[in-house]
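All remarks here apply to the structure that follows.
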Amino acid sequence: MALRLSVLGLLALLFPVTGCSTYRSGFDFQPRPLESAILPREGKGSARALVSVVGIRRRDKDAGRPEEVEVRLLLENRTDADIILELGSLLLVSGNLRPFDDPRIEGRGEGRIAPAASESYRLFFPVPPPDDEGRQPDLDGLNLRLTVGFRGGEERVTVGATFSRIVYRDDASYDHWFDSWRVGTRWTYCY
């Protein structure tokens, strides 16, 4: 009887930790973060972008959101005048050059950043559906393009950032017995 209660108690403790992650497993990207200097042709100063692909978010039926690639962007103004992140310029493409739709953007003002200030953005790009021939977008590589306007938008500089998926390979020393008992991966179903 005591053994039965112990087993039931252990199972009760495990159920709360077996929930599904917001992100799909196995989709880690590098570099993290990627640093890019954005230099105007004329004038002093620059802007700096730090970009990380956080992961691929699962579809959220309750919120009405599709599967999305989440990208975080920190843009620093190192000039003596405002710079403008052109929000309409944000473009993400997959490894097989499939463009994603415009992102849902969180944590933004109007894209204008004052001198010596920085602004953070969370970008959520909906993953494209399969093409006419049934091919999925290649999520092993991603490229983000963005444009920054200097001197009130008179000069525009476009930069790109490329990310590669990290692929973990099995090796002979990996303990596969432990993997079959790991909580939250093989024994849960996320929908």
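Before we move on, is residue 140 at pLDDT below 90 and among the acidic types (Asp, Glu)? Spelling it out, it is not the case that residue 140 is at pLDDT below 90 and among the acidic types (Asp, Glu). For the criterion of being within 26 Å of residue 30 (Cβ to Cβ) and not basic (Lys, Arg), residue 56 passes. Selection within the range 137-170: residues that are over 19 Å from the mean Cα position of the chain (by Cα) and not in a strand (DSSP E or B). The member of this set that is farthest from residue 41 (Cα to Cα) is 170.
The values are calculated or read from the model by the stated rules, or taken from the named source; none is laboratory data. Everything quoted here is computed from the prediction, not taken from an experiment. Cβ: placed from backbone, ideal geometry, glycine included. Neighbour counts: every protein chain shown.
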